[in-house]
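K.L.:
Below: one structure in structure tokens.
The numbers here are math on the coordinates, done by the rules we state, and not lab data. Model, not experiment: these values are computed from the prediction. Note that each Cβ is placed from the backbone with ideal geometry, even for glycine, and that neighbours are counted across all protein chains shown.
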Amino acid sequence: MRFVIALSALLLSFNSMAEGFITRLLNKPVPGGVAVLPLGASNTAPKVSYQGKPVLTLQEDGQWIAIIGIPLTVKAGQQTAVVNGQNTRFRVNPKHYTEQRITLKNQQQVNPNAQNQQRIQRELNEQLAAYDQFSGRQPSNVYFDMPVNARLSSPFGLRRFFNGEERNPHSGLDLAAPAGTPIKAPAAGKVILTGDYFFNGKTVFVDHGQGLISMFCHLSSIDVKVGDELARQQPLGKVGATGRATGPHLHWNVSLNAVRVDPAIFIGKFTP
């Protein structure tokens, strides 16, 4: 009897470790979501990669976990991560994303001319390099605050059509707020890129650590500079409608291992 009780307690303890707060918050293994892999205990952080990119690892209840961003383009089924040189499989569940149709008066923002296309490609390369950064800093927190107190106007993952033409899916959350509303860092981090871009308008990238990166765009003003260390809730800019925007709002991206994932996961508002 004592053995059964002890075994039950041990199993409960293992289950508790496997389902800690971070795991419950973030483990949403769908296209555009996040997979949390339990890695066990060790003295040093395991080396984890997925699709050739390094993966965020941290400790939860004395056990290491890997936090993997899953691309929107991945189909439901088995995926493979590499943990200390060994393949580890995890499952991606299906998720359906709806359509959104937007009409723009400026046709250049739908079908840019050659000159603008050159600018767009140059800016895209600059932003992709920012998403690719993987610093050694440990994220201070993976449970984020809302960067602005605002209404959700467009969720993550929408299949988007501009003037009837399909373009890239929506890679973040759109939060509608009056122009000039302060935008605050959802967690501590370092400013790694700012710019004024063709599509994104005035933009700020913040590195929260180990490839966990936030991007804020369409700002009316940027109130930080590259290299600034931001505390949680520290203002970084103001809501605007710069770039390809139909009105004042904040577009907020979250990226993991260079993959855009649903920011709603990090604020506890994910919708299956």
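K.L.:
Counting C-alpha atoms alone, how compact is region 164-272: give Rg to one decimal and Dmax as a whole number, in angstrom.
P.N.:
In Å, with Rg to one decimal and Dmax whole: 13.3, 42.
K.L.:
A follow-up question, please. Using all C-alpha to C-alpha distances in region 21-92, build P(r) with 10 Å bins and read off the rounded percent in each one.
P.N.:
Spelled out bin by bin, region 21-92 gives 21, 56, 22, 1 percent.
K.L.:
Here's a follow-up. What ranking do 35-42, 196-203, 228-235 get when scored by the average of other Cβ atoms within 10 Å per residue, highest first?
P.N.:
Answer by packing, highest mean first, reads 196-203, 35-42, 228-235.
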